[in-house]
Amino acid sequence: MKKHSNPLLSPAIGTHRELVSFHFGPADSGQKIYVQSSLHADETPAMLTSVLLKRRLLELEAQGALAAEIVLVPVANPVGLGQYVLGQFLGRFDAGSGKNFNRHFLQFDALVERAKEALGADPLANRQIVRQLLRDELQRQQPLTEFESLQLALLKLSFDADVVIDLHCSLEAAMHLYTSESAWFDFEPLARYLGSRASLLATNSGGESFDETHSLLWWQLQQSLPADKPVDNGTIAVTVECRGQRDVSYEVAQQDADAIVDYLTWRKAIRGEPKPLPELPAPATPLAGSEQFHAPVSGILVHRADIGELIRAGDPLFDIVDPLTDETTTITSNTEGVFYMRRAIRFVTAGAPLGRVTGTKPVRTGVLLGA
């Protein structure tokens with residue numbers, strides 16, 4: 001294992017942060033896996049999973065079992081990790097700018113046009129050409145803030161990976177994941193090993209998130225290039241939601257770390273006989289089909305359904321109780337699917353998000369991710 005420290009732009013005199021990455025396996029293997037956790041810094045379950053994954057990778061490397069380069073970033077957001085307001089941890093948004101740490105990553109639209117001129121008939125050579133164009137583009141970037149330098153540092157570590165696994169968690173949630181339609185075939189085994197209760201698919205969810213910054217470019221190339229300039233998926237990416245923020249335990253984190261090892265063994269990034277694929281708990285569904293619920297009024301929030309429960313249309317999900325009038329407002333589902341995430345705070349203001357249920361038919365357009 002090699003440890004790398006990547007200094008971030010200092011935001012003020014007397015301050016300094018760094019992004020630390022751990023590199024396992026042969027760098028010249030021809031396959032690169034990138035795993036990071038807690039880009040939203042307050043999503044601690046993902047971080048513990050990375051700690052236990054690191055221990056497994058150290059053991060596997062000592063055994064000579066690593067067949068691919070594996071880069072692990074357990075703390076993907078040292079900026080957010082240092083943000084506290086009156087004792088409350090603030091890791092989703094940059095306190096200085098209000099920006100979401102996992103939105104508006106650098107996009108590569110102009111690179112598509114440059115690639116049209118540079119590519120030829122060999123798909124393997126084309127992959128390397130695109131990656132060199134990406135490398136050059138990242139080298140040209142001049143971040144102005146610590147926030148921008150963090151996003152750039154993460155991209156420089158991951159842009160040439162074949163597989164990107166971005167570990168997060170939600171508020172209160174069942175295990176679920178997000179990926180693109182084109183990558184689902186490759187990530188379905190990961191969903192099986194993880195026991196994912198929901199797998200949400202979208203080519204472009206509109207948020208310019210870390211995972212889609214990697215996968216969307218290759219899809220755009222495939223859509224815009226002529227048949228005589230073929231381009232395969234250079235990078236497939238997935239966001240894994242390791243349940244809810246309070247689901248921090250050695251047992252659960254070890255289960256998830258082992259599932260990732262099982263998946264990498266299935267991908268032949270780790271040598272060995274892959275474990276048999278478990279049953280898929282629930283079929284993949286379009287992210288645009290997920291029903292999102294918001295509070296029509298303010299009051300005390302009472303959950304009427306359990307996380308991971310199969311919901312039918314008409315089932316009650318939430319009660320909102322007005323403590324002054326005693327009036328109760330019940331919110332029911334319009335969708336049949338899995339109740340995969342919900343709000344953690346038990347008091348709501350009007351318009352507050354409450355939770356989501358998967359659905360098989362697209363019902364939403366535009367930006368499909370939350371703030």
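Can you give the helix-only mean residue ellipticity at 222 nm for the chain, where every DSSP H stretch with n ≥ 4 adds -39500 (n - 2.57) and the sum goes over all residues, rounded to the nearest 500 deg cm²/dmol?
Details: 8 runs with 107 residues, N = 371.
Result for the chain, helices only: -9000 deg cm²/dmol.
Solvent-accessible area of the chain (1.4 angstrom probe, protein heavy atoms only): carbon and sulfur portion equals 53 percent.
Residue-wise HN-Hα couplings along the range 86-103, as the Karplus relation 6.51 cos²θ - 1.76 cosθ + 1.60 with θ = phi - 60° gives them from phi, are 6, x, 9, 6, 10, x, 8, 10, 5, 5, x, 10, x, 7, 6, 5, 10, 9 Hz; Gly and Pro carry x.
Using +1 on the beta carbon of Lys and Arg, -1 on that of Asp and Glu, and nothing else charged, what's the dipole of the chain about the Cα centre, debye to 20? The partial results should precede the final answer.
On the way: 34 positive and 45 negative charges, 98 e Å.
Approximately 480 debye in magnitude.
Near THR358, once Lys and Arg are set to +1 and Asp and Glu to -1 for all other residues with Cβ below 12 Å from its Cβ, the sum equals 0.
Volume of the convex hull of the range 66-118 (Cα atoms only), normalised per residue: 127 Å³. Derived scalar couplings between HN and Hα for the range 343-352 equal 5, 8, 7, 9, 9, 10, 9, 4, x, 5 Hz in order, rounded to whole Hz, by the Karplus curve 6.51 cos²θ - 1.76 cosθ + 1.60 (θ = phi - 60°), x for Gly and Pro.
Ranked highest first by the average count of other Cβ atoms within 10 Å around their residues, in what order do 133-142, 253-262 fall? Could the numbers behind the result be given before it?
On the way: 133-142: 13.3, 253-262: 21.3.
Ranking the peptides 133-142, 253-262 by packing returns 253-262, 133-142.
For GLY244, the residues whose modelled amide H falls within less than 5 Å of its own, excluding neighbours fewer than 5 places apart on the same chain, are SER170, ALA173.
Counting only aspartates and glutamates at least 8 places from LYS32 when in the same chain, those with an alpha carbon closer than 13 Å to its own are GLU69, ASP160, ASP162. When every Cα-Cα distance of the range 260-340 is counted in 5 angstrom steps from zero, the calculated P(r) takes the values 3, 12, 17, 14, 12, 10, 9, 7, 6, 5, 3, 1, 0 percent. For the chain, the solvent-accessible area works out to 45 Å² per residue, with a probe of 1.4 Å and every protein chain left in place. Remark: the range 318-329, residue by residue, has Karplus-estimated 3J(HN,Hα) of 9, 10, 10, 9, 7, x, 9, 9, 6, 6, 10, 10 Hz, where x stands for each Gly or Pro and the curve is 6.51 cos²θ - 1.76 cosθ + 1.60 at θ = phi - 60°. If I build a Gaussian network model for the chain, linking alpha-carbon pairs within less than 10 angstrom, which residue out of LEU167, LEU144, LEU280 has the largest mean-square fluctuation? Maximum fluctuation in the GNM of the chain, among the listed residues, is at LEU144.
About its Cα centre, the dipole of the range 105-151 is roughly 180 debye, where the only charges are +1 on Lys and Arg Cβ and -1 on Asp and Glu Cβ.
Remark: the ALA27-ASP306 segment gains 96.0 nm on full extension, using 0.36 nm per residue and subtracting the alpha carbon distance. For ARG17, the residues whose modelled amide H falls within less than 5 Å of its own, excluding neighbours fewer than 5 places apart on the same chain, are LEU8. Stretching LYS3 away from LEU277 to a fully extended chain increases their span by 95.4 nm, per 0.36 nm per residue minus the current alpha-carbon distance.
With all pairs of different C-alpha atoms in the average, the Kirkwood value for the hydrodynamic radius of the range 135-201 is 14.3 Å.
Past 20 Å, Cα to Cα: identify those pairs from LYS2/LYS156; LYS116/LYS229; LYS2/LYS275; LYS3/LYS99, in the order given.
Values: LYS2/LYS156 17 Å; LYS116/LYS229 8 Å; LYS2/LYS275 28 Å; LYS3/LYS99 29 Å.
As for pairs spanning more than 20 Å Cα to Cα, those are LYS2/LYS275; LYS3/LYS99.
Counted over all Cα-Cα pairs of the range 33-98, pairs farther apart than 19 Å make up 42 percent.
A dipole drawn for the range 173-276 from +1 and -1 charges on Cβ atoms has a positive end, and of THR213, ALA202, TRP184 the residue lying farthest that way is TRP184.
Rounded to the nearest 0.05, the FRET efficiency derived from the C-beta distance between ASP136 and PHE89 at R0 = 35 Å is 0.40. Farthest towards the positive end of the charge dipole of the chain, among the residues LEU354, ALA371, PRO7, is the Cα of PRO7, using unit charges on the Cβ of Lys, Arg, Asp and Glu. Once you reduce the range 184-201 and the range 249-279 to the center of their Cα atoms, the two points are 13 Å from each other. One way to sum up the overall shape of the chain is the equivalent ellipsoid from its Cα gyration tensor, whose semi-axes run 34, 24, 22 Å, largest first. With N as its number of residues, the range 91-240 has a Cα radius of gyration that, divided by 2.2 N^0.38 Å, comes to 1.09. Projected onto the charge dipole of the chain (+1 at Lys/Arg Cβ, -1 at Asp/Glu Cβ, origin at the Cα centre), which of GLN88, SER21, GLN223 gives the Cα projection farthest towards the positive end? Of the options given, the answer is SER21.
The values are calculated or read from the model by the stated rules, or taken from the named source; none is laboratory data. Quick caveat, the model's predicted, so the values are computed rather than measured. Cβ: placed from backbone, ideal geometry, glycine included. Neighbour counts: every protein chain shown. Protein only, heavy atoms only, side chains kept; ligands, DNA and RNA dropped before computing areas. Shrake-Rupley method; radii C 1.70, N 1.55, O 1.52, S 1.80 Å.
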